[in-house]
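Below: one structure, written as structure tokens.
Since every read-out is calculated from the coordinates, none of them should be taken as a lab result. All values reported here derive from a predicted model rather than from experimental measurement. All Cβ positions, even for glycine, are placed from backbone atoms using ideal geometry, and neighbour counts span all protein chains on display.
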Amino acid sequence: MLGERQNLQEQQKCLQAVHVYIRQHLDEPLNRVLLSTVAGFSVPHLHRLFATATGESMGTAIRRMRMERAGRKLRMGAVDITEVALAAGYASHAAFGKAFKKRFGLTPSAFRELSCMAATQLLRKR
């Protein structure tokens, strides 16, 4: 019983390290092999643990975090939507706009027009 608890705590610590790494390296290419190295687990094992702990795949979590960061940049007044799109990992303004609208229900331009409070509320919804 104690061994299981310690194992669970170690897994949580490793998953937290992966989460921190992702947040600190959102501007860089992130892949499952790199993240499994950070965690010290095999790719399939990390994938299972991550999905079980968070309810989403690592790829989905990374896209969500990048999109939320893009939303914060727009809320703070980022002028060039294309720059925000590229920083979020999208190759074009159009692809970013489609993904942004799917995530938040508004185009990036419409989101930028929201009050700070309304934009913040949308960003906090999961």
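Please verify whether segment 44-58 includes one or more residues that are outside any helix (DSSP H, G or I), without any contact (Cβ under 8 Å) to a residue 24 or more places away in the chain, acidic (Asp, Glu) and under 25 Å from Leu122 (Cβ atoms).
Yes, segment 44-58 contains at least one residue that is outside any helix (DSSP H, G or I), without any contact (Cβ under 8 Å) to a residue 24 or more places away in the chain, acidic (Asp, Glu) and under 25 Å from Leu122 (Cβ atoms).
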Options Glu10, Glu28; residue that is among the acidic types (Asp, Glu) and within 21 Å of Ala88 (Cα to Cα): Glu28
Wholly within segment 59-126, helices (runs of 4 or more DSSP H) carrying at least 2 residues that are farther than 29 Å from Asn31 by Cβ and of a type in the set (S, T, N, Q): 116-124
Hits in segment 94-114 - residues which are within 14 Å of Ala78 (Cα to Cα) and not aromatic (Phe, Trp, Tyr): Pro108, Ser109, Ala110, Arg112, Glu113, Leu114
Flag for Leu30 being within 16 Å of the chain's Cα centre (by Cα), within 20 Å of Phe100 (Cβ to Cβ) and not small (Gly, Ala, Ser): yes
